Amino acid sequence: MKLEDELKMSKFKSEWHHASLNIIFTAYWLNDKVKDLLKPFGVTAQQFNVLRILRGQHPSPISTSEIRNRMLDRMPDTSRIVDRLHNQGLLERRVCKGDKRLVDVCITESGLKLLADIDAMAGPNIENNLNGLTEEEAIQLSVLLDKARG
């Protein structure tokens, strides 16, 4: 559906304004779809993002500040997300050997299993949210978004 129909809006200040609103609207739309797919697994999109970062780093530990730098949504409460995942047994925390002020984080076997379950059950649906585009269009969209961010 066109943005104009979704927002019941026909006039935009410029084509750049139209495109900006379309990106923001689509980002929320995608986020809602991912939230719905993750709900049965008991994790939020931010928790899922942290677990995927840890899986990519596995078996090496990573600091909470580095997790924050790699997150899609760089919110300041990464420590709270890590605490919740730790309480669920999905990751381990350890004092950093090089700097006692930092905490190193590693994903647990339970965390890896949860991600495998999500990949098997919801993964294809998460990846196919933009399946209305051809592969070439998806590549073009990524190139244009990268260009927009400069």
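Laid out as a table, the results:
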| item | result |
| --- | --- |
| Of all residues making up the stretch 93-115, the number that are at pLDDT 95 or above and not β-branched (Val, Ile, Thr) | 8 |
| Members of the stretch 99-120 that are aliphatic (A, V, I, L, M), surrounded by 13 or more Cβ atoms within 10 Å (Cβ to Cβ) and assigned to a helix (DSSP H, G or I) | 112, 114, 115, 118 |
| Unmet criterion (only one of (1) part of a helix (DSSP H, G or I); (2) within 23 Å of residue 125 (Cβ to Cβ); (3) at pLDDT below 90) for residue 72 | (1) |
| Residues (outside any loop (DSSP other than H, G, I, E, B) and open to solvent by less than 30 Å² (accessible area, probe 1.4 Å)) located in the stretch 77-92 | 78, 81, 82, 85, 91 |
| Verdict on residue 69 being of a type outside the set (Lys, Arg) and either farther than 17 Å from residue 115 by Cα or more than 15 Å from the chain's Cα centre (by Cα) (or both) | yes |
| Residue 6, sole failed condition from (1) modelled with pLDDT under 90; (2) part of a loop (DSSP other than H, G, I, E, B) | (2) |
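Yes/no per residue for (1) of a type in the set (Lys, Arg); (2) under 30 Å from residue 111 (Cα atoms); (3) touching a residue at least 60 places away in the same chain (Cβ under 8 Å):
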residue	(1), (2), (3)
1	no, no, no
9	no, no, no
12	no, no, no
27	no, yes, no
30	no, yes, yes
39	yes, yes, no
52	yes, yes, yes
59	no, yes, no
70	yes, yes, no
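Here's the yes/no breakdown for (1) part of a strand (DSSP E or B); (2) hydrophobic (A, V, I, L, M, F, W, C):
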site	(1), (2)
94	yes, no
127	no, no
133	no, yes
139	no, yes
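The values are calculated or read from the model by the stated rules, or taken from the named source; none is laboratory data. In this text the structure is predicted, and so the values were computed from the model without any measurement. Neighbour counts are summed over all protein chains in view; Cβ atoms, including those assigned to glycine, are modelled from backbone coordinates with ideal geometry. When the accessible area is computed, the model is the full protein with side chains, heavy atoms only, and any ligands, DNA or RNA have been set aside. Shrake-Rupley method; radii C 1.70, N 1.55, O 1.52, S 1.80 Å.
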